[in-house]
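Trainee: One structure follows; several queries about it will come next.
Where a number appears in this text, it was derived from the coordinates with a stated rule and is not lab data. Source: prediction; values computed, not measured. Note that each Cβ is placed from the backbone with ideal geometry, even for glycine, and that neighbours are counted across all protein chains shown.
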Amino acid sequence: MNRALLATPRSTRQRVVHALLELWRRLRPPVFSPGMGPVDLNFCVHAEAVAQETTFEALLALVGWFRRTAGVRAVVGVTTPRCPQTARLMATVGTEETTFAGRVKRIADEADLAYHGHFFDTISVDDRAMVAERERFSAGPMRALWEPDLVPIGPRTLLGREAVVRAQMLEELAWFAEKGFKVTAYTAGWWFLPPVVVKTLEANGVVIDCSLRFDGRNTFGGTTLAQPPPPGLPVRVPPATHLVSLPNLVGATVSPLRVVPKMTALAQLAHHAPRVGLLHFHDYDLPAFRREVEAHVSCWSSYPDVFRWMPLEAMAAQEPEAVW
């Protein structure tokens, strides 16, 4: 496998568009009316390519820069060597488990460590139905690692595989514990939060979930709920009893100007009650899209009365809305 495939490409057009939007933002900055806010923000990184040295170094540099610039630690959800996708990436690029653990330790020195869940089962290459289901999943540059016999477990492939999900989660959570990492937060791959995941998280000391979307659909088990969560408010997702789920607002690989309407609407709601939200991206989006991530820091930091960078635990401390 060509190692260059394990990163999100960035076209010349994307570079030019970002440069023009940033110029426009500086010439005509967004305006937020007095009384808007506060909206508490943080970054949530889905780290699936820690095994790849260039990706890891770019991620470490970014979260270190953010901690020094904003005074807050980003949230980094890591898939472990017990995830089949990660194990295959480690074998492909030649990363030993001791090296991988050392990289996770360096991430934890700069950011709040979380568990990122991507679940897989093995299938027969002759199982055409499952091979077809595999094509439904978005995976960016990681898809090549699934060949020939891995199938992601999601809403359409969960039935009969709950035990597989639970077993992988227990192995991954045990890996964190064995390496001396205390993990109390979670972020779901593909925004997939079925009851088996919720129950396993709660039974193993995870208290904060970062898997909801501010808009768009959220999936729980075999059911897709078209109704989005309350904008910018912590919630409990059935069957949770104490797990607090926080909403993701926008992807941080797009220009801040593209999401000003959404952020403005949230800031208006915050006039009545404080709102919270996460800005998300993948580690393999770096270093190509670092400028976009930095632009979000620059943009929202320009309005300290409206937007505040906030530690994850403080964001989750707000009493959650009734079960959603």
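Trainee: Could you identify the single residue in 150, 201, 173, 158 that is touching a strand residue (DSSP E or B) at 6+ places or on another chain (Cβ under 9 Å) and closer than 11 Å to residue 243 by Cβ?
Mentor: 201
Trainee: Please determine, by comparing only the residues of the stretch 53-105 that are in contact with a helix residue (DSSP H, G or I) (Cβ under 8 Å, 6 or more places away or on another chain) and among the basic types (Lys, Arg), which one is nearest to residue 117 (Cα to Cα).
Mentor: Within the stretch 53-105, the match that is nearest to residue 117 (Cα to Cα) is 82.
Trainee: Which condition does residue 116 not pass, out of (1) surrounded by 12 or more Cβ atoms within 10 Å (Cβ to Cβ); (2) assigned to a helix (DSSP H, G or I), if it passes all the others?
Mentor: Failed condition: (2).
Trainee: Still on this structure: Is at least one residue of the stretch 104-112 over 30 Å from residue 244 (Cα atoms) and among the β-branched types (Val, Ile, Thr)?
Mentor: Looking for residues that are over 30 Å from residue 244 (Cα atoms) and among the β-branched types (Val, Ile, Thr), one finds none in the stretch 104-112, hence no.
Trainee: If I ask for residues that are within 10 Å of residue 283 (Cβ to Cβ) and either not in a helix (DSSP H, G or I) or not aliphatic (A, V, I, L, M) (or both), which ones from the stretch 52-78 would you list?
Mentor: The answer is 52, 55, 56, 76, 77, 78.
Trainee: How many of the residues making up the stretch 48-75 are in contact with a strand residue (DSSP E or B) (Cβ under 9 Å, 6 or more places away or on another chain), without any contact (Cβ under 8 Å) to a residue 60 or more places away in the chain and of a type outside the set (Gly, Ala, Ser)?
Mentor: So the count comes out to 1.
Trainee: Does residue 151 meet the test of being closer than 20 Å to residue 114 by Cβ and either in a loop (DSSP other than H, G, I, E, B) or not aromatic (Phe, Trp, Tyr) (or both)? Quick ask: steps written out before the conclusion?
Mentor: Working: closer than 20 Å to residue 114 by Cβ: no; either in a loop (DSSP other than H, G, I, E, B) or not aromatic (Phe, Trp, Tyr) (or both): yes.
For residue 151, the condition - closer than 20 Å to residue 114 by Cβ and either in a loop (DSSP other than H, G, I, E, B) or not aromatic (Phe, Trp, Tyr) (or both) - is not met.
Trainee: Sticking with this structure for a sec: Give the number of residues within the stretch 274-302 that are of a type in the set (Gly, Ala, Ser) and either part of a helix (DSSP H, G or I) or without any contact (Cβ under 8 Å) to a residue 12 or more places away in the chain (or both). Don't jump to the end; show me each part of the working.
Mentor: At the first step, the residues of the stretch 274-302 found to be of a type in the set (Gly, Ala, Ser) are 277, 288, 295, 298, 301-302.
Those left that are additionally either part of a helix (DSSP H, G or I) or without any contact (Cβ under 8 Å) to a residue 12 or more places away in the chain (or both): 295, 298, 301.
Counting residues in the stretch 274-302 that are of a type in the set (Gly, Ala, Ser) and either part of a helix (DSSP H, G or I) or without any contact (Cβ under 8 Å) to a residue 12 or more places away in the chain (or both) gives 3.
Trainee: Please verify whether the stretch 78-90 includes one or more residues that are farther than 24 Å from residue 210 by Cα, touching a Lys or Arg at 6+ places or on another chain (Cβ under 7 Å) and without any contact (Cβ under 8 Å) to a residue 60 or more places away in the chain.
Mentor: There is no residue in the stretch 78-90 that is farther than 24 Å from residue 210 by Cα, touching a Lys or Arg at 6+ places or on another chain (Cβ under 7 Å) and without any contact (Cβ under 8 Å) to a residue 60 or more places away in the chain.
Trainee: A further question follows. Looking only at the stretch 246-273, count how many residues are closer than 19 Å to residue 34 by Cα and free of Cβ contacts under 8 Å to residues at least 24 places away in the same chain.
Mentor: The qualifying residues number 2.
The rows are residues; the columns are (1) touching a residue at least 40 places away in the same chain (Cβ under 8 Å); (2) under 30 Å from residue 311 (Cα atoms); (3) not acidic (Asp, Glu).
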position: 96; (1), (2), (3): no, no, no
position: 100; (1), (2), (3): yes, yes, yes
position: 113; (1), (2), (3): yes, yes, yes
position: 116; (1), (2), (3): yes, yes, yes
position: 124; (1), (2), (3): no, no, yes
position: 132; (1), (2), (3): no, no, yes
position: 165; (1), (2), (3): yes, yes, yes
position: 170; (1), (2), (3): no, yes, yes
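Trainee: Take the residues in the stretch 238-273 that are in a strand (DSSP E or B) and among the β-branched types (Val, Ile, Thr), then tell me which one is surrounded by the fewest Cβ atoms within 10 Å (Cβ to Cβ).
Mentor: 244
Trainee: Let me ask something additional. Consider residue 120 against the criteria (1) in contact (Cβ under 8 Å) with a residue 60 or more places away in the chain; (2) in contact with a strand residue (DSSP E or B) (Cβ under 9 Å, 6 or more places away or on another chain): it satisfies all of them except one. Which criterion is unmet?
Mentor: (1)
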